[in-house]
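Trainee: Got a structure here, written out as structure tokens. Questions coming.
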There are 2 protein chains.
Amino acid sequence: MSIKDALIVQAKKAKEAARILAVVPTAVKNQALEAIAGELENSAAQIIRENNKDLEAGRAAGLSSALLDRLELNEKRIQDMADGLRELVRLKDPVGDIVEIQRRPNGLQVGKMRVPLGVAAIIYEARPNVTIDAAGLCLKAGNAVILRGGSEAINSNRILAAIAAKAIAQVGLPADAVQLVQTIDREAVSVLLGLTDYLDVLIPRGGAGLIRRVINEAKVPVIQTGVGNCHIYVDQGADLAMAGRIVTNAKTSRPGVCNAVETLLVHEEVAPELLPDLYNRLKEDGVQLRGCPRTKAILPEIAAAEEADWYEEYLDYILAVKVVSSFDEAVRHINTYGTKHSEAIVTNDYARSQRFLQEVDAAAVYINASTRFTDGNQFGLGAEIGISTQKLHARGPMGLNELTTVKYVIFGQGQIRE
Amino acid sequence: MSIKDALIVQAKKAKEAARILAVVPTAVKNQALEAIAGELENSAAQIIRENNKDLEAGRAAGLSSALLDRLELNEKRIQDMADGLRELVRLKDPVGDIVEIQRRPNGLQVGKMRVPLGVAAIIYEARPNVTIDAAGLCLKAGNAVILRGGSEAINSNRILAAIAAKAIAQVGLPADAVQLVQTIDREAVSVLLGLTDYLDVLIPRGGAGLIRRVINEAKVPVIQTGVGNCHIYVDQGADLAMAGRIVTNAKTSRPGVCNAVETLLVHEEVAPELLPDLYNRLKEDGVQLRGCPRTKAILPEIAAAEEADWYEEYLDYILAVKVVSSFDEAVRHINTYGTKHSEAIVTNDYARSQRFLQEVDAAAVYINASTRFTDGNQFGLGAEIGISTQKLHARGPMGLNELTTVKYVIFGQGQIRE
């Protein structure tokens, strides 16, 4: 069977499973999540054995130590996956809620019922724990899921997906609700992107290259996630001690994630006071600065920022710094170079704090806080399937609600339209 | 300049206009809507003159009378456009509302602010009034809009878009907020579909062919609208007089629209009583039936339905009829052949009414009412830009809210992440 035919068979089964899942009571979905968690714990040795095959192949292929670290599953990480599933059990199931019900003048009652999206396809890279995290979120929201992980994690993903499917079947739900694409052939991704008859949404999770490919090729609706070229703007009159704490936290608490800050913008009035101290503090943490000419006039020893730096998501201990002459210049810089992820102002000026919220175009806009809070747990959604940086459907961290849609439900007594 | 370069120039201007529109007070947007309405009334003679050019060219090209009717603008239709804009003035502006604000344990206040989408591109067919309706809706929701109408209406669309842009500039807003694609070359559509750097959403309004083309080619996110293969299922024990009224209304009140019924499903227990009367009633209105074998056993004189009929959106005085053995068969038929638009059950059984709402996958699911109510005005949204039949972002009639998105706004006091 061709890759395409095999995927269509999988997708048809997923669609059929989705019809069943859509009307399953919450208690049964929770039993399935518990069952997967239990199976993971019971199968830890087997999972580690399969994961070792991936690690060995990865080492042989010369993968970087960072990539090998992402690939690794150990007792602790398996327990984390199980714990994550049990946290999902505690989250409210949004499916079936009816919101905004209104009585129209003709007596029709028109409401909106929250319902699953249907079949989701998740396309991701090295980390095998996404297999379980994504399956759990989709299941709780009533969606079937087709998972396409990175080829370097194929053995780990196969065992994890098989465990999930088996556990789901144990509680009487269709095993086809969680399916892994079994081939590692890249053609499979292209096929998935075109399956408009079966898939309701594609969620790519990974680097800029993967996301670009999905957006360019997909015919199925996509939710774009992840790339974060985040800024912090320190306004004139800001509390500079607060600014220092926020910038340091946003850069150094976890530089490799999408909500870390990549460019610091500083108003010219506060730059001479803020930058020398901040530079010393960041240097201790191993952060290198790249500055605009006005920054370099204050900190001559740092590297010069090129135009390309303003576009860069470093995901590393590097921070670009630009001195600006005005609030407007800062906002314009952010709206020009940003990736619409997370943007912050440090200010004590009321009017500019409000203008920043209004004028900056991003998924999350902060006053006086670190950009690192853009996260499903931090925003109170519980677990998340990714952070949307597009504007349709969902923006920012995507939790269970964002894995559902609504349908209008209309309660009539025989009404006809004039 | 190439078509692509010209469109990029337009799109850049639209993006700049969108930045301004996003923060304009409601009162100013309302002044712009009033100004467009006034200009339309003052320019009626000129509009009719330009429209006559399109009508003459259309007649020369042998367009059908139905198409010529859709193309025509007269005093009444111009007044309707102006009235529509004034109704938009009365609708609540959703932009800037903050919903769901919550205080997190660390004191951060996390809310969601409703904001415009940015730049919308509307791709539509013959009816020139869409130029004004879409421009008005986008403007009120704070979006810039690029309009691409049908080539047969190019003279009408040019004068209407020019009037809108002029009126917008009169109140001090950027004229670039409403722009028409000036060329009628089909290449322009392909270019628009790829402008991911400038356009936030594409909304195609038209027949199945246009919508398919947009979905297949677009890289910009699309909201799919319109195709409606709608069903009514008459359950065992239903009030057959009510069923007759609802089916007749849903088929004959306006057969050419997407919320008209196309297939009737009848439970076998009520088919012998319902169908003969209903057939006579529909025949008076000129409706032809196409029946399954069991329907033809009751009404031998009607045409036979082929498999293709179950897929058909007739948009005409034709109704496909199928007798089913069970509720489950009816739901399965709808979920197999339907286009996820509007689906109704006529029943007096409580449990099955609830199951229908849960199990039927469509934008609008009705109990005991005509499918013809799927409409922005009927659902209380005011004017609509189309009826979404996809699941992401918006489902069913799309009003002002659906032309916006949200961003997270976070009010901090210096919080950093542990």
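The values are calculated or read from the model by the stated rules, or taken from the named source; none is laboratory data. Please read these numbers as outputs of a predicted model, since none were measured by experiment. Positions of Cβ are generated from backbone atoms using ideal geometry, with glycine treated the same way; all protein chains shown enter the neighbour counts.
Trainee: So which residues in the range B:117-130 are within 9 Å of chain A (Cβ to nearest Cβ) and not small (G, A, S)?
Mentor: Result: B:L117, single match.
Trainee: If I filter the range A:347-377 down to residues being of a type in the set (S, T, Y) and surrounded by 24 or more Cβ atoms within 10 Å (Cβ to Cβ), which single residue comes out as farthest from the chain's Cα centre (by Cα)?
Mentor: Here the answer is A:T347.
Trainee: Next question. Please state which of the following conditions B:S353 fails to meet, knowing it meets all the rest: (1) assigned to a loop (DSSP other than H, G, I, E, B); (2) among the small types (G, A, S); (3) out of contact with any helix residue (DSSP H, G or I) (no Cβ under 8 Å at 6 or more places or on another chain); (4) within 11 Å of another protein chain (Cβ to nearest Cβ).
Mentor: (1)
Trainee: When you check B:L55 against the structure, is it without any contact (Cβ under 8 Å) to a residue 40 or more places away in the chain and buried (at least 18 other Cβ atoms within 10 Å of the Cβ), yes or no?
Mentor: yes
Trainee: For the range B:227-244, indicate whether the set of residues that are within 13 Å of chain A (Cβ to nearest Cβ), more than 30 Å from B:V324 (Cβ to Cβ), in contact (Cβ under 8 Å) with a residue 24 or more places away in the chain and crowded, with 17+ Cβ neighbours inside 10 Å is non-empty.
Mentor: No, there is no match, as no residue in the range B:227-244 is within 13 Å of chain A (Cβ to nearest Cβ), more than 30 Å from B:V324 (Cβ to Cβ), in contact (Cβ under 8 Å) with a residue 24 or more places away in the chain and crowded, with 17+ Cβ neighbours inside 10 Å.
Trainee: Could you check the range A:87-109 and list, in sequence order, the residues that are farther than 21 Å from A:E402 by Cβ and in contact with a helix residue (DSSP H, G or I) (Cβ under 9 Å, 6 or more places away or on another chain)?
Mentor: Within the range A:87-109, A:R104, A:N106, A:L108 meet the criteria.
Trainee: Now a separate question. Go over the candidates B:R245, B:R254 one by one and state the one that is of a type in the set (K, R) and part of a helix (DSSP H, G or I). Let's see the steps before the verdict.
Mentor: Numbers: B:R254 fails: part of a helix (DSSP H, G or I).
So the residue among B:R245, B:R254 that is of a type in the set (K, R) and part of a helix (DSSP H, G or I) is B:R245.
Trainee: Taking only pairs six or more apart or across chains, which ones have beta-carbon atoms under 6 Å, a first residue in the range B:31-46 that is closer than 9 Å to B:I163 by Cα and part of a helix (DSSP H, G or I), and a second residue that is of a type in the set (G, A, S) and at pLDDT 95 or above?
Mentor: Sorted first by the residue in the range B:31-46, then by its partner, the pairs are B:I36/B:A164; B:I36/B:A167; B:E39/B:A167; B:L40/B:A82.
Trainee: Just to be sure before I move on: is B:K391 part of a loop (DSSP other than H, G, I, E, B), basic (K, R) and assigned by TED's automatic domain parsing to the domain that holds B:G256 in the structure I sent?
Mentor: Here the answer is no, as B:K391 does not meet what is asked.
Trainee: Checking the structure you have, find out if any residue of the range A:401-417 is more than 7 Å from chain B (Cβ to nearest Cβ), surrounded by 24 or more Cβ atoms within 10 Å (Cβ to Cβ), assigned to a strand (DSSP E or B) and among the aliphatic types (A, V, I, L, M).
Mentor: no
Trainee: Considering every residue within the range B:227-250, establish whether at least one is within 25 Å of the chain's Cα centre (by Cα) and basic (K, R).
Mentor: No.
Each row is one residue, and each column tells you yes or no for (1) surrounded by fewer than 17 Cβ atoms within 10 Å (Cβ to Cβ); (2) within 14 Å of chain B (Cβ to nearest Cβ); (3) touching a helix residue (DSSP H, G or I) at 6+ places or on another chain (Cβ under 7 Å).
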{"site": "A:V189", "(1), (2), (3)": "no, no, no"}
{"site": "A:D197", "(1), (2), (3)": "yes, yes, no"}
{"site": "A:V201", "(1), (2), (3)": "no, yes, no"}
{"site": "A:G209", "(1), (2), (3)": "yes, no, no"}
{"site": "A:R212", "(1), (2), (3)": "yes, yes, no"}
{"site": "A:L265", "(1), (2), (3)": "no, no, yes"}
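Trainee: Checking B:A344 against (1) modelled with pLDDT of 95 or more; (2) surrounded by fewer than 24 Cβ atoms within 10 Å (Cβ to Cβ); (3) hydrophobic (A, V, I, L, M, F, W, C), which test does it fail?
Mentor: Result: B:A344 fails condition (2) only.
Trainee: What are the residues in the range B:267-293 that are within 22 Å of B:E313 (Cα to Cα), surrounded by 13 or more Cβ atoms within 10 Å (Cβ to Cβ) and touching a Lys or Arg at 6+ places or on another chain (Cβ under 9 Å), if any?
Mentor: B:L282, B:V287, B:L289, B:G291, B:C292
Trainee: Only residues that are aromatic (F, W, Y) and on the phi > 0 side of the Ramachandran plot: list them for the range A:265-319, please.
Mentor: Of everything in the range A:265-319, nothing turns out to be aromatic (F, W, Y) and on the phi > 0 side of the Ramachandran plot.
Trainee: State all residues of the range B:118-159 that are assigned to a loop (DSSP other than H, G, I, E, B), crowded, with 24+ Cβ neighbours inside 10 Å and on the phi < 0 side of the Ramachandran plot; if no residue qualifies, say none.
Mentor: Within the range B:118-159, B:P128, B:A141, B:N143, B:G149 meet the criteria.
Trainee: If you check A:S43, A:S65, which single one turns out to be exposed (fewer than 13 other Cβ atoms within 10 Å of the Cβ), among the hydroxyl-bearing types (S, T, Y), out of contact with any Gly (no Cβ under 9 Å at 6 or more places or on another chain) and in the same structural domain as A:I168 (by TED's automatic domain parsing)? Please lay out each step first, then the result.
Mentor: On the way: A:S43 fails: exposed (fewer than 13 other Cβ atoms within 10 Å of the Cβ).
Going through A:S43, A:S65 in turn, just one is exposed (fewer than 13 other Cβ atoms within 10 Å of the Cβ), among the hydroxyl-bearing types (S, T, Y), out of contact with any Gly (no Cβ under 9 Å at 6 or more places or on another chain) and in the same structural domain as A:I168 (by TED's automatic domain parsing): A:S65.
Trainee: Looking at the range A:92-115, can you tell me whether even one residue there is part of a helix (DSSP H, G or I), in contact with a Gly (Cβ under 7 Å, 6 or more places away or on another chain) and among the aliphatic types (A, V, I, L, M)?
Mentor: No, the range A:92-115 contains no residue that is part of a helix (DSSP H, G or I), in contact with a Gly (Cβ under 7 Å, 6 or more places away or on another chain) and among the aliphatic types (A, V, I, L, M).
Trainee: Any idea how many residues of the range A:18-59 are within 14 Å of another protein chain (Cβ to nearest Cβ) and hydrophobic (A, V, I, L, M, F, W, C)?
Mentor: 6
Trainee: Something else now. Of the conditions (1) of a type outside the set (K, R); (2) in the same structural domain as B:V23 (by TED's automatic domain parsing); (3) farther than 27 Å from B:L381 by Cα, B:P105 satisfies every one except a single condition; which number is it?
Mentor: Checking B:P105 against (1) of a type outside the set (K, R); (2) in the same structural domain as B:V23 (by TED's automatic domain parsing); (3) farther than 27 Å from B:L381 by Cα, the one that fails is (2).
Trainee: Going by the structure shown, is A:T374 touching a strand residue (DSSP E or B) at 6+ places or on another chain (Cβ under 7 Å), touching a residue at least 12 places away in the same chain (Cβ under 8 Å), within 8 Å of chain B (Cβ to nearest Cβ) and under 30 Å from B:S342 (Cα atoms)?
Mentor: Criteria not met by A:T374.
Trainee: Does the range B:304-324 include one or more residues that are loosely packed, with under 14 Cβ neighbours inside 10 Å, more than 26 Å from A:E16 (Cα to Cα) and modelled with pLDDT of 95 or more?
Mentor: Yes, that holds for at least one residue.
Trainee: Let me ask you something else. Checking the structure you have, find out if any residue of the range B:282-296 is in contact with a Ser or Thr (Cβ under 9 Å, 6 or more places away or on another chain) and either outside the structural domain of B:N335 (by TED's automatic domain parsing) or closer than 19 Å to B:A364 by Cβ (or both).
Mentor: no
Trainee: Here's another thing I want to ask about it. Taking the criterion of being within 22 Å of A:V227 (Cβ to Cβ) and more than 14 Å from chain B (Cβ to nearest Cβ), would at least one residue in the range A:268-284 satisfy it?
Mentor: no
Trainee: Kindly indicate which of A:N335, A:N348, A:N368 is within 8 Å of another protein chain (Cβ to nearest Cβ) and either assigned to a loop (DSSP other than H, G, I, E, B) or touching a Gly at 6+ places or on another chain (Cβ under 6 Å) (or both).
Mentor: On the way: A:N335 fails: either assigned to a loop (DSSP other than H, G, I, E, B) or touching a Gly at 6+ places or on another chain (Cβ under 6 Å) (or both); A:N348 fails: within 8 Å of another protein chain (Cβ to nearest Cβ).
The conditions single out A:N368.
Trainee: Restrict the check to the range B:11-26 and report whether at least one residue is over 30 Å from B:G194 (Cβ atoms) and surrounded by fewer than 19 Cβ atoms within 10 Å (Cβ to Cβ). Let's see the steps before the verdict.
Mentor: Kept after step one, since they are over 30 Å from B:G194 (Cβ atoms), are these residues of the range B:11-26: B:25-26.
Still in the list and also surrounded by fewer than 19 Cβ atoms within 10 Å (Cβ to Cβ): B:25-26.
Within the range B:11-26 (the criterion being over 30 Å from B:G194 (Cβ atoms) and surrounded by fewer than 19 Cβ atoms within 10 Å (Cβ to Cβ)), the answer is yes, since at least one residue qualifies.
Trainee: Another one. For A:G256, all conditions in the list (1) in contact (Cβ under 8 Å) with a residue 60 or more places away in the chain; (2) in contact with a strand residue (DSSP E or B) (Cβ under 7 Å, 6 or more places away or on another chain) hold save one; what is the number of the exception?
Mentor: Every listed condition holds for A:G256 apart from (2).
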